[in-house]
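To start, the structure itself, in structure tokens.
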Protein chains: 2
Amino acid sequence: MRNTLRGMDAIFNARSVAVVGASDDERKLGFHVMKSLIQGGYSGTIFPINPRKREILGMKGYPSLAHVPEMVDLCIVALPAGLVPGIIRDCREKGVRGVVLITAGFREIEDESGGRLQDEITSLADEAGIPVIGPNTFGIVNLHAGLNASFTPQFSNVKKGGISLLSQSGGMSHMMGFLSMRDDFGFSKIVGLGNRCTIDFADMIAYLMRDPATRVIAMYVEGIDNPRRLLEVAKAFRGKKPIVAYKVGLSAVSDLASKSHTGSLAGRHELYEGAFKQAGILTVESSLELLDAAKALSSSPLPKGRAVAVLSGQAGPAMAACDMCEKEGLRVVPFSGETRRRIEDLLPPMAIRTNPVDMGPAWYDSRAIRGIVESVLRDKAVDAILLCIMFASANEGSIRALSGSLGKWGREKPIVCCLSSPPGIWDEEVESLVEKGSIINYPTPERAAKSLSALWKYKSVKETSKGMGKALERLHIPKGRGP
Amino acid sequence: MRNTLRGMDAIFNARSVAVVGASDDERKLGFHVMKSLIQGGYSGTIFPINPRKREILGMKGYPSLAHVPEMVDLCIVALPAGLVPGIIRDCREKGVRGVVLITAGFREIEDESGGRLQDEITSLADEAGIPVIGPNTFGIVNLHAGLNASFTPQFSNVKKGGISLLSQSGGMSHMMGFLSMRDDFGFSKIVGLGNRCTIDFADMIAYLMRDPATRVIAMYVEGIDNPRRLLEVAKAFRGKKPIVAYKVGLSAVSDLASKSHTGSLAGRHELYEGAFKQAGILTVESSLELLDAAKALSSSPLPKGRAVAVLSGQAGPAMAACDMCEKEGLRVVPFSGETRRRIEDLLPPMAIRTNPVDMGPAWYDSRAIRGIVESVLRDKAVDAILLCIMFASANEGSIRALSGSLGKWGREKPIVCCLSSPPGIWDEEVESLVEKGSIINYPTPERAAKSLSALWKYKSVKETSKGMGKALERLHIPKGRGP
């Protein structure tokens, strides 16, 4: 696996990229790949390969890989399937270190020739020791390296963050990338695994566990050829970094679609569920939950336990949050005596002063709200805070008043929020708190509560992961060797 | 109930409004209420009532209701609780037709005096035949009438739409209103029921069922004092307009919070679930689902049955959509022979040409995508379309190419979409299709599928609602008398 890891590093941090099938015809994927690299501001060298073009998009074109005068780290291939075996041979000759194989028409097609062709390129790549991502993928993006090796230039507009997404679907990757642009959170890497001819989920996990820019691994899974290997790798790294998986293929009809999509049956859903749990992989039920959980896990400290304080500017959101907390295994606990007394000092008797706290009556008194939040943050009976405040004309100043306290305390206990206002009112203040890592914010109290539960679930994974180091040896994954 | 309905119409379509407790001190709710009316562009007459002010925000102030020289349809009250009984008496004297009672400090407070005070005002209002919304509410908003009778001026920025929201929580109403501003859908009325002293969910349902601007009723429910009455009214109107309910109070801790919030225990969750179902009320599990379902029900035709076609520009989103469809009781069915042949003509063999359809290989060929969508729309075996297309550089033109077909067909079968692009790329085209009522759009395929299932569930409610007319008589709700 050591070679694979080095090759993968050559892919994600490539100093030079060759595009085989580069084109200036916008009906060709090779055109869009070139655009992605150029518009993404890739700082390495780009070598467009096309036997019929001397110049492509203002860059010198090369008739073949052999003609490239320098070393090539990464080769992106966007040519018809039948030509791919020859290209893999060229890559070996040239000493190319990794391949992103965008071309489709392999194991996923009805005709058996596709499967045979995939077997052929897999053997060729394995013999050459070249890791291949794909085929049948949109590509990969490493936002921290400014490398957009995909056919979608807009991926370069995704913000840098700590989430690495491994996906068997280009469509889902695109959608999640676009959602991040609208909801203002970031990714480290977005990886389309496609038909996984040499690089599967397991290899990517092993690589990303050592990647300092990746804080959480989010996976969109259809079907896995070798689930045992994935589970073994996940177990070996259990508790090192969170892994969250969204598995589709629940229904017979989508299971069949999976076969046609990336060439593997989705398989029995409930078996995956159990196996994932055993391996310490968190599971979610939708793409939105995958992003919500990954967002929390990529930027929040973990709670020590499951005891939550729900502090709310209004009672309704507190109730919705409490329901979700309890449903997801968190506990809305009684406060310590000191906290109780402090809150009773700060809030009038008409308010709900136990947990959940209805801070409504303190709307006009930012000092009181700050006092409540601070005393609960200090309370040892509380592991995490769920803070919900909905804007009203009368509480406009409350977020500003809280900024100091939240900024100071945010790194000790998770503070997961639903701070909601009309567009343009609290956006800047909330964004700044999020940027600083003081809070995480969600559009509804239920999503905030569910994401908080993901933090606690991962904390439990971590706690039950002691003495797992030996498993690493057995897997022959070299330890402590960063990419 | 006839009087109540007339009084409620006087509230929601008030030609004149008195604000008792009007103020120019921004620490008073009476200030924010005035701001809401004025900034909301209310076209009726406003009478600020304040014994100590001759002028409030540039308007002539009146020392009491009795001093107002004209008729008052609606009286908004924002004064301390102890003064409210006197105000209700003043309202009766003046012939005020309806009251929105914002004041808190009644049944929801710990002290028993609150409950007694609420009983007192309830009797006074009932004797006078004046419907009272509240107490302990943020107010009401009727967007079609430009009436913002709440303490939050920003509610006036909510778009006009067909959803009327009945809510026991001001916080949840605010949050849902703000979400609508960000996600670009609209409301008809937003109603904070508060402690429900004379107007409860049942009364509002009876009123909204006759309100031409309301196409769907969305409810956020904590606890109900008289669930039987709610269920009877819902049953009486079963199938006339959709009702969707989100009920909190699942956990012991939120049940207790409900008591303190609006003075009623949330009660056994599962009992509500069953009773709602019997009464034809759809239920959802979160605020987001409530909005998603209401959005679909307010603007889409209903499917004839549960047979869905999933057409997707990418296979992954199709699988996620299929999973959710089947989970929610929809069926992803085989196409008719004609449709099958047409799709086989249009798509190459490497594509998934059965249902779900992977239209990926037709990206460059808008005519093929249009042909697929059109033949499926014509297919009698299909009751609804779920259309997912994620932008990629190569399929940028596909939405424009589809506009014509979608615009033409959209009113016959539901077309629920997840059309996803980076900000600014497809937004205008998608918005225009949504505006025209041709499609509904959601940010993820799962949310699109779940919302489509709400359409089918309501269709089933409608089909099992025949011969319910007699129930209306028994309830003494005059039939066919619009507000």
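Where a number appears in this text, it was derived from the coordinates with a stated rule and is not lab data. Treat the numbers as computed from the prediction; the structure is a model and nothing was measured. As a convention, Cβ positions derive from the backbone with ideal geometry for all residues, glycine included, and neighbour counts pool all protein chains shown.
Taking N as the number of residues in region A:62-172, what value does Rg over Cα atoms divided by 2.2 N^0.38 Å take? Before the final figure, lay out the partial values.
On the way: Rg = 14.7 Å, N = 111, 2.2 N^0.38 = 13.2 Å.
Normalised by 2.2 N^0.38 Å, the Cα Rg of region A:62-172 equals 1.12.
In order along region A:213-224, phi translates into HN-Hα couplings of 7, 9, 9, 8, 9, 10, 10, 9, 10, 9, x, 10 Hz, rounded to whole numbers, per the Karplus curve 6.51 cos²θ - 1.76 cosθ + 1.60 with θ = phi - 60° and x for Gly and Pro. Of interest is the spacing of the C-alpha centroids, which for region B:1-73 and region A:377-434 amounts to 34 Å.
Loop-located GluC sites (Glu not before Pro) across region B:1-78 with a Cβ neighbour count of 15 or fewer within 10 Å are B:GLU26, B:GLU70, with loop assigned by DSSP. Here is the list for region B:351-448: trypsin sites (Lys or Arg not before Pro) lying in DSSP coil, each with at most 11 other C-beta atoms within 10 angstrom of its C-beta, are B:LYS380.
Close amide-amide hydrogen proximity is noted between B:GLY313 and B:MET359, B:CYS388, B:ILE389, B:MET390, each under 5 Å apart and 5 or more residues distant or on a separate chain (H modeled in the peptide plane; Pro and chain starts excluded).
Proximity of backbone amide H atoms, modeled 1.01 Å from N, is registered between A:TYR62 and A:ILE49, A:ASN50 at under 5 Å, excluding neighbours fewer than 5 places apart on the same chain. Computed about the Cα centre, the dipole magnitude for the protein assembly as shown is approximately 540 debye when only Lys and Arg (+1) and Asp and Glu (-1) carry charge, each at its Cβ. With a 10 Å cut-off around each Cβ of B:217-226, the average count of Cβ atoms from other chains is 1. Evaluating 6.51 cos²θ - 1.76 cosθ + 1.60 at θ = phi - 60° for every residue in region A:69-80, the Karplus couplings come out as x, 10, 5, 10, 6, 10, 10, 9, 10, 9, 10, x Hz, glycine and proline recorded as x. Among the GluC sites (Glu not before Pro) within region A:95-134, those in coil by DSSP and having at most 16 neighbouring Cβ atoms inside 10 Å are A:GLU110.
Per residue of chain B, the DSSP helices (runs of n ≥ 4 H) give a summed -39500 (n - 2.57) that works out to -12500 deg cm²/dmol at 222 nm. Would you order A:THR4, B:THR137, A:THR45, A:THR103 from fewest to most other beta-carbon atoms within 10 Å of each residue's own beta-carbon? Ranked by crowding around the Cβ, least crowded first: A:THR45, A:THR4, A:THR103, B:THR137. Here region B:301-463 is treated with +1 on each Lys and Arg Cβ and -1 on each Asp and Glu Cβ, and its dipole about the Cα centre works out to around 640 debye. Taking all C-alpha pairs of region B:1-135, those more than 26 Å from each other amount to 18 percent.
Going by C-beta contacts inside 10 Å, put B:TRP456, B:TRP363, A:TRP409 in order with the fewest on the left. Mind dumping the intermediate values first?
Working: B:TRP456 24, B:TRP363 21, A:TRP409 18.
Least to most surrounded, the residues fall as A:TRP409, B:TRP363, B:TRP456.
If a/c stays under 1.5 just call it rounded; otherwise compare a/b with b/c (prolate if a/b is bigger, oblate if not). Do that for region A:91-156, with a ≥ b ≥ c from the square roots of the Cα gyration tensor eigenvalues. Here region A:91-156 falls in the oblate category.
Pairs A:LYS380/A:LYS450; A:LYS457/B:LYS277; B:LYS189/B:LYS408: which are spaced more than 25 Å apart, C-alpha to C-alpha?
Details: A:LYS380/A:LYS450 22 Å; A:LYS457/B:LYS277 33 Å; B:LYS189/B:LYS408 30 Å.
Pairs exceeding 25 Å: A:LYS457/B:LYS277; B:LYS189/B:LYS408.
Taking a straight Cα-Cα cut-off under 19 Å and skipping sequence neighbours fewer than 8 places away in the same chain, the aspartates and glutamates within cross-link reach of B:LYS466 are B:GLU232.
Which whole number gives the average count of other chain Cβ atoms within 10 Å of the Cβ atoms across peptide B:244-252?
Working: counts 0, 0, 2, 1, 11, 4, 7, 9, 3.
Mean shielding count: 4.
Among A:VAL253, B:VAL33, A:VAL233, a tally of other beta-carbon atoms within 10 Å of each Cβ gives an order, fewest to most, of A:VAL253, A:VAL233, B:VAL33.
With Cα atoms defining each centre, region A:209-241 and region A:265-313 are spaced 14 Å apart in the structure.
From the residues B:ILE217, A:GLY7, A:ILE46, which one has its Cα farthest along the dipole of the protein assembly as shown in the positive direction, the dipole being from +1 and -1 charges on Cβ of Lys/Arg and Asp/Glu about the Cα centre? In the protein assembly as shown, that residue is B:ILE217.
For chain A, the dipole from Cβ point charges (+1 on Lys and Arg, -1 on Asp and Glu) about the Cα centre works out to 1560 debye, to the nearest 20. Can you find, among A:LEU250, A:ALA368, B:THR122, the residue farthest towards the positive end of the dipole of the protein assembly as shown? Put +1 on the C-beta of Lys and Arg, -1 on that of Asp and Glu. Farthest along the dipole direction, towards plus: A:LEU250. Which one of A:SER113, A:ILE102, A:ILE56 is farthest out on the positive end of the charge dipole of region A:1-136, using unit charges on Cβ (Lys, Arg +1; Asp, Glu -1) and the Cα centre as origin? Positive-end residue among those listed: A:ILE56.
Let me know the mean shielding of A:309-316 by other chains, meaning the per-residue number of their Cβ atoms within 10 Å of its Cβ. Working shown, then result.
Values: counts 0, 3, 0, 2, 3, 9, 14, 19.
Average per residue, whole number: 6.
Taking amide hydrogens as placed 1.01 Å from N in the peptide plane, the amide H of A:LYS247 sits under 5 Å from those of A:VAL221, A:VAL284, each at least 5 positions away in sequence or on another chain.
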